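S.K.: Please find one structure pasted underneath; my questions will follow.
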Amino acid sequence: SKDIEITGVTCSSDDSLSIDVIEYLDDQEMVLFRFSSDLPADEEIEIVIEYNGSIQEEMAGFYRSVYTDENGEEHWLASTQFEPTAARLAFPCFDEPDKKATFVITLNYEDTGNTVSLSNMPVENTETKDGMTTVTFEKTPIMSSYLVAFLVGDFASVEGVYGSKPVKVWAPVGQEEKGRIALNVTIEALSFYEEFFDEPYTLPKLDLVAIPDFEAGAMENWGLITFRLTALLYNEAEDTAGNLQRVATVVTHELAHQWTGDLVTMKWWSNLWLNEGFADFFETESVANIIPSWQMREQFLVEDQQRAFSVDSLLSTHPVVNDPVLTSSDISEMFDTITYSKGGSILRMLQDVLTPEVFEEGIQNYISENKYGNVLTEDFLQSMSDTSGLPLVENLHEWLYEPGFPVVTVKMDGKQLTFSQKRFLSSVIDDEITPTGNWWLNIKYVTAEGSEQEFSFQDESKTQTLSSSTSYIKANVGQNGYYRVNYPTSMWLELRENIASFSVADRAGLVNDVLVLARSGLVDTSTALEFTSFLSEEEDYTVWISALSQLGYIGTMLSTEADYGLYQQFIQGLIEDVVEYVGWDTLADHSLGTVDHNKALLRATVLNFAVAYELPFVVEQALDIWENYKNGTDIAPDDRQAVYCAALHYGGADDYQFLFEHYLATDNAAEQKRVLYTLGCTREFYLLKATLDMSLDSDIVRPQDQRTAIAGVSANPLGRDLAWNFVQANFETFNTLGFSLSSLISIVTSPFNDEYHLHEVETFFEIQDTVGASMAVEQSKETIAANIQWLQANGPDVSQWLHSHYAK
């Protein structure tokens with residue numbers, strides 16, 4: 001228990017037993033009951049606990065939230081968020097995932113006429129007396145405490161049926177129609193998951209609810225899934241292709257949990273990837289099945305694999321299965337990129353190795369053997385081993401129980417190919433402290449002539465002999481393997497010349513690999529920058545994101561250097577053709593079913609990049625669109641961020657105020673976040689400071705959106721120090737953010753690349769109690785050190801290349 005006052009404890013099953021002592025163990029978030037005599041070891045006893053608790057102000061436990069409807073009326077509500085360790089804030093319980101129990105929830109509240117009460121199970125009984133309503137819900141299946149959920153508030157819903165089971169999407173009153181997309185996705189995803197897992201959805205109903213104040217993206221409470229507004233509601237007229245995709249992927253992520261997490265639950269938080277890594281993988285699989293044209297399996301590379309690579313290339317990373325995890329803060333730190341994205345990437349690699357058919361059969365066996373129970377990683381691996389006949393407990397040990405991942409280096413001598421592996425680190429570390437390890441690798445490669453080969457090894461190196469000579473090979477075909485690949489310089493040049501012959505996934509993998517390997521000193525900078533020349537004819541979203549993520553890093557590092565103007569010229573030339581290809585969106589074309597989804601994603605990305613790198617004709621067009629907007633002409637959603645940023649960057653206080661008033665007027669949560677971020681595009685220091693100060697005013701900015709405003713300021717080179725200083729000055733406030741604190745620390749420190757800031761960050765965090773974010777602090781310090789090293793090692797090479805190509 002935590003923040004709960006126990007007022008009485010009785011043993012209803014045995015009158016001879018009484019409680020002599022109630023002792024609160026605050027540091028352990030426990031309460032200890034000492035009985036008058038020993039408890040019988042072989043008998044069940046029933047304890048009745050009376051207690052007082054409070055509805056919480058922070059977004060954990062049983063907490064309150066509020067929204068204002070279209071008529072200006074406030075509606076208060078109370079909802080729960082128990083994962084990972086906050087059920088103990090609402091009621092005394094064994095608040096650990098393997099202490100499963102059944103729950104009967106009863107809510108007593110004043111009914112205003114529109115009040116809805118929901119819990120995991122359907123309503124069993126309702127009574128109304130003296131203006132108070134008492135609702136009792138049916139008993140749940142056996143389940144973990146963190147999955148219990150209940151809420152009371154004014155909501156309205158759109159409804160459907162899956163089989164005979166009611167499915168409802170709830171929203172603040174007046175916004176319920178925005179739940180239609182989520183409802184349709186839910187019904188289709190339930191069908192996909194039931195077939196894939198060969199196990200029916202267990203509960204008799206399913207509710208999905210948009211909560212105005214919600215810290216995480218969503219929460220997989222069994223039968224009552226809760227979401228941020230932006231993760232469940234979609235308004236075709238106001239929201240972007242990215243918003244639409246977010247709704248689809250978050251909904252399918254949480255639905256996957258109804259099997260992997262709720263029905264089958266990890267035994268302890270050190271194995272959290274069995275919940276989150278699985279849901280991360282299956283959200284991609286399900287949306288790829290429901291909407292094949294979105295190319296979700298390709299997008300997985302940028303949404304998960306490359307994101308995991310970034311963190312996992314640090315010395316301060318951690319294994320997927322991470323022990324020891326002992327305290328609540330340790331548990332909170334497990335909800336990170338490694339658990340989600342690396343976990344999902346390992347599953348993608350395993351699916352490729354086993355074949356999709358064998359992988360699906362293994363997952364079905366795993367679910368069937370462990371439903372309603374708790375599992376360790378060994379249980380999953382054993383199920384997959386029994387199904388496939390492969391020794392996966394041994395083969396996947398390094399992937400799951402050791403940190404990091406390898407870079408595979410290819411060498412070719414005539415017909416002889418040599419593949420060697422070594423742990424990849426994002427910065428150059430002295431050889432004596434470079435960790436080495438051998439991973440079990442399944443290598444798929446294709447020759448220039450199209451001959452595909454496959455082999456496995458776990459030694460430091462492996463030699464293969466080709467049947468005939470070839471000019472190059474492409475390894476990690478399909479980019480399913482969780483490793484990077486390096487080639488000789490001559491082969492990189494051949495790969496670039498033949499880039500059009502490769503799939504989207506392989507083009508994305510190649511350009512991301514070469515830029516990251518150059519960043520770490522394993523490839524010449526000139527080779528990497530020359531490799532990107534193919535992008536002038538590239539039109540795929542995933543490939544562009546794979547490149548721009550790294551080109552954007554170089555831009556951030558150079559943004560305060562003398563040669564930044566030359567780098568701008570390079571980027572402008574690189575993106576000019578793709579900007580012409582995507583053009584500006586038109587409101588007439590912006591309707592579901594007529595918009596090319598991936599082109600819309602690409603449009604938003606490259607227009608934002610074009611504005612950031614001041615491509616003249618794009619800036620001019622953006623400012624024209626802005627002037628028309630101020631005169632009453634709307635802006636297509638996918639164009640808005642680029643237009644807003646250009647308007648504030650090149651405009652003044654009047655433009656800032658106009659956009660801010662739009663923020664206050666809109667009730668669209670996604671649009672609010674978009675505006676909050678772009679307020680940071682202004683070049684006026686006092687407006688940047690005003691944006692930061694405003695983020696602390698909960699009447700203007702919901703606490704869950706604070707980091708969006710701060711991130712926008714931090715992304716502006718003029719605002720980096722302002723944002724960092726602001727976080728330092730208000731750290732006591734931000735230290736209550738829970739999951740969001742780690743992200744905030746990374747946001748405000750990752751652009752730094754000098755010794756002064758490294759020392760300042762180190763000094764500041766030496767005296768702070770960063771509960772639940774200690775790993776983020778270490779990763780931030782390592783990232784700054786790597787940035788310093790990059791600027792020292794690669795800065796001169798980049799400068800030389802830029803001067804040779806762009807200096808007049």
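S.K.: Under the definition of Cα pairs under 8 Å and six or more residues apart, what whole-number percent is the relative contact order of the stretch 443-591? List each step's numbers first, then the result.
M.R.: Working: 127 pairs, mean separation 26.1, N = 149.
Reported relative contact order: 18 percent.
S.K.: Looking at the chain only, what percent of DSSP beta bridges run antiparallel? Nearest 5 please. Don't skip to the end; give the middle numbers.
M.R.: Working: 70 of 86 bridges.
Around 80 percent of the beta bridges assigned by DSSP in the chain are antiparallel ones.
S.K.: Here's a follow-up. Leaving out ligands, DNA and RNA, what percent of the accessible area of the stretch 117-180 is carbon and sulfur, probe 1.4 Å?
M.R.: Of all accessible area on the stretch 117-180, carbon and sulfur atoms account for 49 percent.
S.K.: Under the rule that a partner needs its Cβ under 4.7 Å from the first Cβ, which Cys of the chain have none?
M.R.: For the chain, the answer is C11, C93, because their Cβ atoms have no other cysteine Cβ under 4.7 Å.
S.K.: Among [x] 1.41; [y] 1.04; [z] 0.97, only one was calculated for this model; which label is it, if the read-out is Rg/Rh (Cα atoms, Kirkwood Rh)?
M.R.: So the calculated entry is the one marked [z].
S.K.: In whole percent, what relative contact order does the stretch 691-808 give with Cα contacts below 8 Å and a gap of six or more residues? Mind showing how you got there, number by number?
M.R.: Working: 93 pairs, mean separation 24.0, N = 118.
Across the stretch 691-808, relative contact order equals 20 percent.
S.K.: First compute the accessible area of the stretch 224-380 with a 1.4 Å probe, then give the percent of it belonging to carbon and sulfur atoms.
M.R.: On the way: 1900 of 4080 Å².
In the stretch 224-380, the share of accessible area belonging to carbon and sulfur is 46 percent.
S.K.: Once Lys and Arg get +1 and Asp and Glu get -1 on their Cβ, which of A723, C645, A90 lies farthest toward the positive end of the dipole of the chain?
M.R.: The residue sitting farthest along the positive end of the dipole is C645.
S.K.: Right, next: Share of the stretch 1-99's accessible area from carbon and sulfur, percent, 1.4 Å?
M.R.: Roughly 44 percent, rounded to a whole number.
S.K.: OK, next. Among the listed pairs K599/K808; K2/K781; K342/K689; K2/K129; K599/K630, which are separated by more than 30 Å between their Cα atoms?
M.R.: Too far apart for the 30 Å limit: K599/K808; K2/K781; K342/K689; K2/K129.
S.K.: Which lysines, if any, have their Cα less than 28 Å from the Cα of K165, not counting same-chain residues under 8 positions apart?
M.R.: Hits, sequence-local ones excluded: K100, K139, K178, K205, K371.
S.K.: Find out how many positive minus negative residues lie around K444, taking Lys and Arg as positive, Asp and Glu as negative, among other residues whose Cβ is under 10 Å from that of K444.
M.R.: -2
S.K.: I'd like the FRET efficiency for S36 and D3, computed as 1/(1 + (r/R0)^6) with the beta carbon distance as r and R0 of 30 Å, rounded to 0.05.
M.R.: After rounding to 0.05, the efficiency reads 0.60.
S.K.: To continue, here is another question. Using Stokes-Einstein with the Kirkwood hydrodynamic radius over Cα pairs, what translational diffusion coefficient do you get for the stretch 564-645 at 20 °C and a viscosity of 1.002 mPa s, in µm²/s rounded to a whole number?
M.R.: Numbers: Rh = 13.1 Å.
Translational D for this selection: 164 µm²/s.
S.K.: Let me ask something additional. To test your reading of the geometry: what angle, between 0 and 90 degrees and rounded to tens, separates the Cα axis of helix 377-388 from the longest principal axis of the chain?
M.R.: Here the helix axis deviates by roughly 70 degrees.
S.K.: Would you tally the net charge around G343, using a Cβ to Cβ cut-off of less than 13 Å, leaving G343 out, and scoring K and R as +1, D and E as -1?
M.R.: Result for the local shell: -3.
S.K.: Name the chymotrypsin sites (Phe, Trp or Tyr not before Pro) in the stretch 359-400 that are in a loop by DSSP and that have at most 14 other C-beta atoms within 10 Å, would you?
M.R.: The qualifying sites are Y372.
S.K.: Also, quick follow-up: Before anything else, pin down the relative contact order of the stretch 59-100: Cα pairs under 8 Å, at least 6 apart, normalised by residue count, whole percent.
M.R.: RCO, the stretch 59-100: 37 percent.
S.K.: How far, in degrees from 0 to 90, does helix 653-665 lean away from the longest principal axis of the Cα atoms of the chain, to the nearest 10?
M.R.: Rounded to the nearest ten degrees, it is 40.
S.K.: Please calculate how many Å² of accessible area the chain carries per residue, with a 1.4 Å probe and no DNA, RNA or ligand atoms counted.
M.R.: On the way: 32150 Å² over 808 residues.
I get 40 Å² per residue for this part.
S.K.: Does anything in the stretch 537-577 have its amide N under 16 Å from the 7 Å Cα→Cβ label point of F764, and if so which residues?
M.R.: From the stretch 537-577, the list is empty.
S.K.: Name the long-range amide H neighbours of D14: under 5 Å, sequence gap of 5 or more, or other chain; modelled H, no Pro or chain starts.
M.R.: HN-HN under 5 Å from D14: E46.
The values are calculated or read from the model by the stated rules, or taken from the named source; none is laboratory data. Model, not experiment: these values are computed from the prediction. Every residue, glycine as well, gets a Cβ built from its backbone with ideal geometry; the counts of neighbours run over all protein chains shown. Remember, those area values only see protein heavy atoms, side chains included, never the ligands or the DNA or RNA. Shrake-Rupley method; radii C 1.70, N 1.55, O 1.52, S 1.80 Å.
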